[in-house]
Amino acid sequence: MRVLVKDLHQHVGEEVELLGFLHWRRDLGKVQFLLLRDRSGVVQVVTGGMKLPLPESSLRVRGLVVESPKAPGGLEVQAKEVEVLSPALEPTPVEIPKEAWRAHPDTLLEYRYVTLRGEKARAPLKVQAALVRGFRRYLDRQDFTEIFTPKVVRAGAEGGSGLFGVDYFEKRAYLAQSPQLYKQIMVGVFERVYEVAPVWRMEEHHTSRHLNEYLSLDVEMGFIQDEEDLMRLEEELLQEMLEEALASAGREIALLEAEWPSIPKEIPRLTHAEARKILKEMGYPVGQDLSEEAERLLGQHAKERWGSDWLFITRYPRAIRPFYTYPEPDGTTRSFDLLFRGLEITSGGQRIHRYQDLLESLKAKGMDPEAFQGYLEVFKYGMPPHGGFAIGAERLTQKLLGLPNVRYARAFPRDRHRLTP
């Protein structure tokens, strides 16, 4: 029966069978040292007298588990049999044991199909999977229903900009930039809904924090009082996500030497106007929309003032929020962004829930209500006060683990110049 590397400490003095990949090899003639890697870790294997295959060949090893202080993890397997299940046919383009994902990003991304096998390269994806698992688990417990919305749509949730067009038979369609309109419709069905799915943004950027395709963790909830209900929900949700990641991907977090954050009982809040005032006092000129540098400075302010890695910016001006955002008489909206270590990872707020108000908002934004006819229809039938938010999974993963580029938080990233692998 197969034993995983992580469980070998339970089998010292016993004969075991291992299955995995040849991570590294060293031939000293009569004695040969191999490192075998499986999904749970790496172990040293001692053998001799065999023709060693190329690294990344898949192997079956049968041998005795013994303690060895100089070996990785303090254990090694003295092989009695090594079978090559499938040999690597050529050397890998990047030496997996010497991976340095902080350097030469284009090379690492170009050969992603093999560089992902490295322990550090795959670790962010393991952490992200745990975060998503915590996301689902918390919301399921709060009686949310997971939904699955169309990804080929007639119009964008935020208008006509930033959309990837596709030919859909005789019509022009688009890749969804958000499930926003559909998740609002589904509030009228289930009251509380969420979705985990990719979204697309056609933006001409090439930065360390942007992707053109990313995983969006969307939440929408009915019968709320205001945006505070949503922020309190997100505080509890993030707590569970972080706990799940630490519990099930703690080895990967430690491998990347990540400084794991805590969540305060209440994340500090600043209104948009207060944030702009603070930035001006710092000597930083700022417009209505907050730039990357402005967010970084506000994150620094939250850390110095409250000792918090997290900061809600609330009450954004109506002019810079989507048409469906609930407006206040003073020109602000019941909306918020969540900054984590100076980077926006969440955008959300309360939505307009009355039909006539939505029509007026669309017209005020210069948008054609006819393009949103299917979406608008549901608001004729008693939609409750509701709202929600979306978390960018890759951005959150990037900042939690201190990755230099968000592309390392996606298995096969899509950006302005990358369609393969």
>> Which trypsin sites (Lys or Arg not before Pro) in the range 46-107 sit in a loop by DSSP (not H, G, I, E or B) and have at most 14 other Cβ atoms within 10 Å of their own Cβ?
In response: K51, K70, R102
> Among 286-294, 176-184, how do they line up from the highest to the lowest mean number of other beta-carbon atoms within 10 Å?
Replying inline: 176-184, 286-294
> For the peptides 32-40, 245-253, what is the packing order when you average, over each peptide's residues, the other Cβ atoms within 10 Å and list the highest mean first?
Replying inline: 32-40, 245-253
>> Restricting to DSSP H runs of at least four residues, report the calculated mean residue ellipticity at 222 nm for the chain, -39500 (n - 2.57) per run over all residues, nearest 500 deg cm²/dmol.
In response: -8500 deg cm²/dmol
> All other residues with a Cβ under 14 Å from the Cβ of R276 taken together, and with Lys, Arg as +1 and Asp, Glu as -1, what is their net charge?
Replying inline: -3
>> If every alpha-carbon in the range 292-412 counts as one equal scatterer, what log10 I(q)/I(0) does Debye give at q = 0.10, 0.16, 0.23 1/Å?
In response: -0.42, -0.86, -1.22
> GNM, the chain, Cα, under 10 Å: largest mean-square fluctuation among G392, G165, G342?
Replying inline: G165
> When the convex hull of the Cα atoms of the range 70-179 is projected onto a plane and the area is averaged over all directions, what value comes out in nm²?
Replying inline: 14.4 nm²
>> Could you tell me which residue out of V153, L338, A121 lies farthest along the dipole of the chain toward its positive end? Charges go on the beta carbon: Lys and Arg +1, Asp and Glu -1, centred on the Cα centre.
In response: A121
> Plugging the Kirkwood radius over Cα pairs into Stokes-Einstein for the range 10-134, at a temperature of 37 °C and a viscosity of 0.692 mPa s, what D comes out in µm²/s?
Replying inline: 210 µm²/s
> If r is the Cβ-Cβ distance from V12 to R39 and R0 is 30 Å, what FRET efficiency results, to the nearest 0.05?
Replying inline: 0.90
> Counting other Cβ atoms within 10 Å, which chymotrypsin sites (Phe, Trp or Tyr not before Pro) in the range 364-421 have at most 16 and lie in a DSSP loop?
Replying inline: Y381
> When averaged across all projection directions, what area in nm² does the alpha-carbon convex hull of the range 355-421 cover?
Replying inline: 8.0 nm²
> For the chain, what % of the accessible area comes from carbon and sulfur atoms, probe 1.4 Å?
Replying inline: 50 percent
> Is the shape of the range 23-77 best called rounded, prolate or oblate, per the rule: a/c under 1.5 gives rounded, else a/b larger than b/c gives prolate, else oblate, with a ≥ b ≥ c the square roots of the Cα gyration tensor eigenvalues?
Replying inline: oblate
> In Å, what is the Rg of the alpha-carbon atoms in the range 115-227, and how long is Dmax?
Replying inline: 16.5, 48
> With labels modelled as points extended 7 Å from the Cα through the Cβ direction, what inter-label distance (nm, one decimal) is found for V31 paired with R154?
Replying inline: 7.4 nm
> What number, in nm² with one decimal, is the all-direction average of the projected area of the convex hull of the alpha-carbon atoms of the chain?
Replying inline: 24.8 nm²
>> As a test of understanding, state the convex hull volume per residue of the range 236-314 from its alpha carbons, in Å³.
In response: 110 Å³
> Quick one: accessible area per residue over the chain, 1.4 Å probe, rounded to a whole number of Å²?
Replying inline: 48 Å²
> Using just the C-alpha positions of the range 187-243 as equal point scatterers, what log10 of I(q)/I(0) does the Debye formula give at each q in 0.12, 0.15, 0.20, 0.22 1/Å?
Replying inline: -0.44, -0.65, -0.92, -0.98
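The values are calculated or read from the model by the stated rules, or taken from the named source; none is laboratory data. All values reported here derive from a predicted model rather than from experimental measurement. Ideal geometry is used to build each Cβ from the backbone, glycine not excepted, and the neighbour counts take in all protein chains shown. SASA here: full protein model, heavy atoms, side chains in, ligands and nucleic acids out. Shrake-Rupley method; radii C 1.70, N 1.55, O 1.52, S 1.80 Å.
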